[in-house]
1. If I take every Cα pair under 8 Å that is 6 or more residues apart in segment 370-633, average their sequence separation and divide by the length, what percent do I get for the relative contact order?
2. In segment 192-346, what % of DSSP beta bridges are antiparallel (nearest 5)?
3. Tilt of helix 232-249 relative to the longest C-alpha principal axis of the chain, in degrees (0 to 90, nearest 10)?
4. Which order, highest average first, do 502-513, 35-46, 250-261, 572-583 follow once you tally other Cβ atoms within 10 Å for each residue and take the mean per peptide?
5. Mind listing the Cα extents of the chain along all three principal axes, in Å, largest one first?
6. Fewest to most neighbouring Cβ within 10 Å: what's the order for 355, 63?
7. Between helix 548-563 and the chain, what is the angle of the helix's C-alpha long axis to the longest principal axis, kept within 0 to 90° and rounded to the nearest 10?
8. What is the packing order of peptides 436-447, 327-338, taking the mean over residues of other C-beta atoms within 10 Å and listing the highest first?
Ligand SMILES: Nc1nc2c(ncn2[C@@H]2O[C@H](COP(=O)(O)OP(=O)(O)OP(=O)(O)O)[C@@H](O)[C@H]2O)c(=O)[nH]1
């Protein structure tokens with residue numbers, strides 16, 4: 001029960017219970033008050049009448065002490081109406097000392113009920129008779145009855161009004177308020193609190209009936225992109241459409257709720273054991289993933305999102321509502337980390353992973369705040385001459401307890417925590433600053449390559465501004481900075497990416513495609529994007545020897561790059577033979593353990609200072625043309641056995 005409901009509930013209660021009785025009490029009090037007031041008035045006027053007459057009589061008696069009671073003609077004046085304006089229906093009598101009527105204004109008693117005042121008449125302090133005045137209060141009784149009837153009628157009318165109009169309106173607004181307290185205003189789905197209450201009740205029932213309850217925790221994938229690209233209204237419309245689609249995936253008796261933002265949940269009441277419930281939950285989750293994966297449209301624009309779903313089942317995964325929800329949430333996070341667009345059931349190991357993840361997030365926050373990051377530099381070598389051209393700056397994390405942590409263990413987490421832009425800027429700043437200094441010290445224009453996260457790139461104009469600012473701050477000539485982008489980044493938002501790449505190129509920096517050949521390497525984008533360098537993924541280089549067909553592929557990539565006016569860099573060169581083969585294939589530059597491992601800043605500085613070539617120049621290159629042709633004429637690798645390199649268009653090699 002929320003506090004918002006209490007005032008209205010008590011108002012309805014008050015109206016329903018107290019007001020009705022109050023109306024009846026007022027209805028009773030009005031005639032009662034009327035009757036009492038009228039009675040007091042009657043009594044008051046009667047007493048006044050009697051006292052006035054007795055006073056006059058007393059004077060008369062004092063003048064005629066012996067005979068007053070026998071002078072009827074004189075006495076009549078004391079009891080007649082004309083004297084004191086007495087009321088009709090009033091009898092006034094003068095009695096002598098024996099109680100005999102000496103005179104009276106009317107012979108009959110007034111109609112009952114009566115009120116009466118009797119006053120003793122004195123002569124020199126001795127009682128000589130009585131004056132008795134009686135008045136009928138029948139009109140008062142009738143008046144009271146009329147007033148009672150009228151006030152009862154008014155009270156009943158008011159009660160009817162309260163009951164049928166006010167109370168109804170109040171109950172209506174009370175139920176409106178309760179609905180609003182329990183539902184989300186945007187989608188009209190039950191909210192988190194209401195959902196939790198239902199889960200608690202479902203678990204109680206299931207505990208008695210020995211059945212199961214399944215909870216699905218749903219988080220939309222890439223929902224933020226809709227807000228960013230199409231605006232908040234499009235985001236709202238999408239949330240409403242998602243709510244509609246989720247409703248269509250459940251049966252009557254189940255519940256779908258919006259927990260917050262782009263988080264939804266489904267409660268499945270299953271009248272079987274936990275394993276059957278888990279099966280049902282998987283089916284529903286699969287429906288949810290399918291439904292959310294269908295395109296959405298807003299004002300003619302079509303967009304896609306997705307959903308990651310976590311499942312937890314009572315009693316096998318948790319035995320309280322909160323634990324069930326938390327475990328479903330944990331499973332959802334795992335589904336997200338496993339690539340999104342999936343559903344996963346909770347497993348106890350996930351909790352340990354979750355704990356480790358939370359610890360990692362905490363440590364990373366400290367790392368960002370305390371500057372625990374550093375850069376290693378891997379030499380970039382001209383393959384033919386062996387000359388050092390520059391380096392690729394690689395991020396490392398100097399963890400106080402764990403030592404040096406490689407980026408694969410924390411870059412994605414930094415991205416998910418929204419910290420990658422901050423760290424990415426630091427990387428660029430540091431790499432440019434150090435390279436500018438080294439270039440100055442050695443009188444050479446050294447290059448430095450910096451990796452760009454898709455999330456940095458997604459900042460759009462802000463990212464271009466960051467690059468511009470870093471170059472200005474560090475004084476590194478833009479031609480010496482190379483930004484390395486992934487294929488996936490270019491494929492996801494082609495139009496915006498193209499515009500952004502042109503802006504970056506306009507700054508003077510060069511652009512490279514990293515890990516080329518591992519994604520969907522469309523030749524169409526290679527032709528249209530302003531790329532300067534292709535970096536062939538290490539997986540092609542590693543197998544150059546054992547898999548001759550890789551020689552063909554690398555040769556094709558080198559030729560493709562050159563024909564499109566790009567330089568080609570080979571990554572992961574680990575042997576002298578690979579270096580020779582690549583040099584012979586006319587690959588321009590290379591990186592790899594054979595040419596130089598990533599080293600700390602000071603080690604790289606010593607390397608530069610020594611002036612020694614890292615590898616000797618190739619004096620007489622081995623001609624591998626024959627090997628290339630031999631490999632090319634050999635069996636074509638089966639689809640899916642080698643690295644992905646789809647080439648939808650014929651290439652002028
Ligand atoms: N339009 C709209 N946006 C909302 C509403 N509530 C929350 N959001 C936005 O929804 C987004 C949810 O954040 P995330 O779940 O991290 O975004 P996401 O892109 O789905 O990220 P992943 O879950 O990692 O795929 C945030 O950008 C919120 O600003 C709402 O009522 N309307």
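1. 21 percent
2. Of the beta bridges lying entirely in segment 192-346, close to 90 percent run antiparallel.
3. Roughly 80 degrees, rounded to the nearest 10.
4. Peptide ranking by packing, descending: 572-583, 502-513, 250-261, 35-46.
5. 173, 59, 50
6. Ranked by crowding around the Cβ, least crowded first: 63, 355.
7. Tilt relative to the chain: about 80 degrees.
8. Averaged packing, sorted descending, gives the order 327-338, 436-447.
No value in this document is a laboratory result; all are computed from the given coordinates. This one's a predicted model, so the numbers in the text were calculated from it and none came from an experiment. Cβ sites come from the backbone with ideal geometry, for glycine too, and all protein chains shown count toward neighbours.
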